[in-house]
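The values are calculated or read from the model by the stated rules, or taken from the named source; none is laboratory data. Just so it is clear, the model here is predicted, and its values are computed rather than measured. Don't worry about glycine lacking a Cβ; one is built from the backbone with ideal geometry, like all the others, and counts go over all protein chains shown.
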Amino acid sequence: MAVAGTLLGSLVGGGIQTWTGRRALASTHDDAAAQRGAAANALEMQLSEERLRRLWSERRALYTAVLAESAAWDTANTHAHSENRYNFENAESMRDPEEVTPQEAAILRCMPEFRRLEQEVHLIGGTDVREAMEPVRRALYKGAAAAADCAPSYGNPEYIRALDLLTLAMRRELIDQSGAGLMVQVSASS
């Protein structure tokens, strides 16, 4: 009987020890999986932050280029308008219609560059900035058409308003990252 009790005690003790070992192994496995998951999440967060930093930097450079190119195009429109108006008023100094003036050439250089930048904005820009680009482009084309038609010009107030909205959208996106719904807010307040 003593042998049977010892054998039974050994079996129960071994069973408990096996069960405890398996539970410890499962717990260690779960802890390792949790640590791998936490490390993966930390790495993903770090990569996400780095992507956002790079995107912010690319957007900043792109938006600066857009503002510079739109100013160059508006200046070219103004100069072309002045040149064409002068030629229109002084018929003896009119040039051959096939000849392109330096002012008109400046407009022709600005148009495709602005279009290229606009495509980049559509690729990496925020929603409000993408929406605000269209009125600026439309106003610049309108200014180029006015210069070509020798129409009277008193500046381009439509361009100024559109540029202000575009600059505000860019600023909001870059500084406080709260560009969502900007166009709706600006339109409602106007």
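Going by the structure shown, is GLN177 at pLDDT below 75, surrounded by fewer than 14 Cβ atoms within 10 Å (Cβ to Cβ) and closer than 27 Å to ARG53 by Cα?
Judged against the criteria, GLN177 is a match.
So ARG138 ticks every box in (1) touching a helix residue (DSSP H, G or I) at 6+ places or on another chain (Cβ under 7 Å); (2) at pLDDT 90 or above; (3) basic (Lys, Arg); (4) more than 21 Å from SER57 (Cα to Cα) but one. Which box is left unticked?
Of everything listed in (1) touching a helix residue (DSSP H, G or I) at 6+ places or on another chain (Cβ under 7 Å); (2) at pLDDT 90 or above; (3) basic (Lys, Arg); (4) more than 21 Å from SER57 (Cα to Cα), ARG138 misses just condition (1).
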